[in-house]
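Shown next, in structure tokens, is the structure this report addresses.
The values are calculated or read from the model by the stated rules, or taken from the named source; none is laboratory data. None of the values given here were measured: they were computed from a predicted structure. Here the Cβ positions follow ideal geometry from the backbone for every residue, glycine too, while neighbour counts run over all protein chains shown.
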């Protein structure tokens, strides 16, 4: 769908833009909530005195007025007039309507200046929680972003390097945040982006908001203020998953461009993107429950319980309905990583499928999205990757009735509850 990037000055590329469509928030994703992260591994709190330049040990500048592949109108400078601490615990990246040094842009003499900061060569990482608390600018033509590029962008170019947009906003959509991934074959596609619009006409520039992306080996989940609004997975990405190497961070405020359009008479300058902090954490590690961890039975249709066919710890064993009893194969532990475990293995969707009828089975725990389940307050046992429910196939009520994924319908054969 909409596209904003492009790699650094030497790597400008033309892009095809598509209409922006706000994706609805999957109910299963909302139910999943936001996990607690692991250890903090990198941060910048921006607590310097007013006028202080960004920490050179953490940030470098991308400068120029090439348009950055998007037809942008600003010249990115290394001036503290465009990027400096505000003395109140924030970094201010400020766009100004000016040309103090006869800067030349792709369209002639530049009309605006701003800043684009990068951590390339100073900090990059594979996987983790990437988070920033931001107050966004306002006005038609403003385009702030907190995002990431693969380290190999300098050698392999974009989109082969991959791009992960934690937060993008355009002034003509003041209440909408966008999270996206871009790679070979899925840049500018609706399937690679999703947006979330604040309720009641609230604008993102009215207050600070926290924007987060949890990037794991097989999935990326986006949050605003702790609410998850999008999830993309390796299993559902049709082209190569390029999120398997180090990425560095970028913060910038663009002016104009193909997606936001130019400023208009109602756009006041200067405009600032205020950055309270940027923090990077390890993802939460969820150790396997000990063998003697207390479990719970999961009861459902026909007053029977979820059980493992054959009642043995065998990879690929079908999950089924069975009379509720005290067998170990009916004892389930809800782990902190979102998995549901029995007999030392995890509830799993066969082949990572997201289709109706996909088999629900027991297999070795691997942390991927096919092993993430949420039992919500409505009694739906949901796989967020598929946004589908664990279902008793064909409404079977006898011992051995098999379990599958199916569109959530609120029906009796999809209702589950924990019992002692």
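Worth pointing out:
- Evaluating residue 187 against the criteria (1) farther than 22 Å from residue 277 by Cβ; (2) in contact with a helix residue (DSSP H, G or I) (Cβ under 6 Å, 6 or more places away or on another chain); (3) surrounded by 21 or more Cβ atoms within 10 Å (Cβ to Cβ) leaves one unmet condition, (2).
- Those residues of segment 80-96 which are surrounded by 18 or more Cβ atoms within 10 Å (Cβ to Cβ) and over 16 Å from residue 254 (Cβ atoms), in sequence order: 84, 85, 86, 90, 91
- Per-region count, segment 337-353, residues over 20 Å from residue 36 (Cβ atoms), in contact with a helix residue (DSSP H, G or I) (Cβ under 9 Å, 6 or more places away or on another chain) and in a loop (DSSP other than H, G, I, E, B): 2
- Breaking point among (1) within 23 Å of residue 405 (Cβ to Cβ); (2) touching a strand residue (DSSP E or B) at 6+ places or on another chain (Cβ under 7 Å); (3) modelled with pLDDT under 85, for residue 289: (1)
- Of all positions in segment 109-118, none carries a residue that is farther than 30 Å from residue 161 by Cα, out of contact with any strand residue (DSSP E or B) (no Cβ under 9 Å at 6 or more places or on another chain), assigned to a loop (DSSP other than H, G, I, E, B) and modelled with pLDDT of 95 or more.
- Every test in (1) on the phi > 0 side of the Ramachandran plot; (2) modelled with pLDDT under 95 is passed by residue 162 save one, and that test is (2).
- Members of segment 55-72 found to be under 27 Å from residue 264 (Cβ atoms) and buried (at least 22 other Cβ atoms within 10 Å of the Cβ), listed by number: 65, 68, 70, 72
- Members of segment 358-368 found to be part of a loop (DSSP other than H, G, I, E, B) and out of contact with any helix residue (DSSP H, G or I) (no Cβ under 8 Å at 6 or more places or on another chain), listed by number: 364, 366, 367
- Tally of residues being within 19 Å of residue 259 (Cβ to Cβ) and either over 27 Å from the mean Cα position of the chain (by Cα) or part of a strand (DSSP E or B) (or both) across segment 50-68: 2
- Single residue of 379, 367 found to be under 22 Å from residue 217 (Cα atoms), assigned by TED's automatic domain parsing to the domain that holds residue 408 and modelled with pLDDT under 90: 367
- Meets criteria (more than 19 Å from the chain's Cα centre (by Cα), surrounded by fewer than 17 Cβ atoms within 10 Å (Cβ to Cβ), at pLDDT below 95 and over 30 Å from residue 393 (Cβ atoms)) for residue 284: no
- Looking only at residues of segment 33-49 that are in a loop (DSSP other than H, G, I, E, B) and closer than 19 Å to residue 276 by Cβ, we find that the one that is nearest to the chain's Cα centre (by Cα) is 34.
- Filter pass, residue 237 being touching a helix residue (DSSP H, G or I) at 6+ places or on another chain (Cβ under 9 Å) and either surrounded by fewer than 16 Cβ atoms within 10 Å (Cβ to Cβ) or without any contact (Cβ under 8 Å) to a residue 24 or more places away in the chain (or both): no
- All positions within segment 369-394 that are farther than 18 Å from residue 335 by Cα and assigned to a helix (DSSP H, G or I): 393, 394
- Residues of segment 127-158 satisfying the condition of being over 15 Å from residue 94 (Cα atoms) and under 18 Å from the mean Cα position of the chain (by Cα): 127, 128, 129, 130, 131, 132, 133, 147, 148, 149, 150
- Counting only residues that are part of a loop (DSSP other than H, G, I, E, B) and either crowded, with 20+ Cβ neighbours inside 10 Å or over 35 Å from the mean Cα position of the chain (by Cα) (or both), segment 293-336 holds 8 of them.
- From the list 177, 170, the one residue that fits, being buried (at least 21 other Cβ atoms within 10 Å of the Cβ), modelled with pLDDT of 95 or more and closer than 25 Å to residue 105 by Cβ, is 170.
- Every condition in (1) within 28 Å of residue 43 (Cβ to Cβ); (2) out of contact with any helix residue (DSSP H, G or I) (no Cβ under 6 Å at 6 or more places or on another chain) holds for residue 161 except the one numbered (2).
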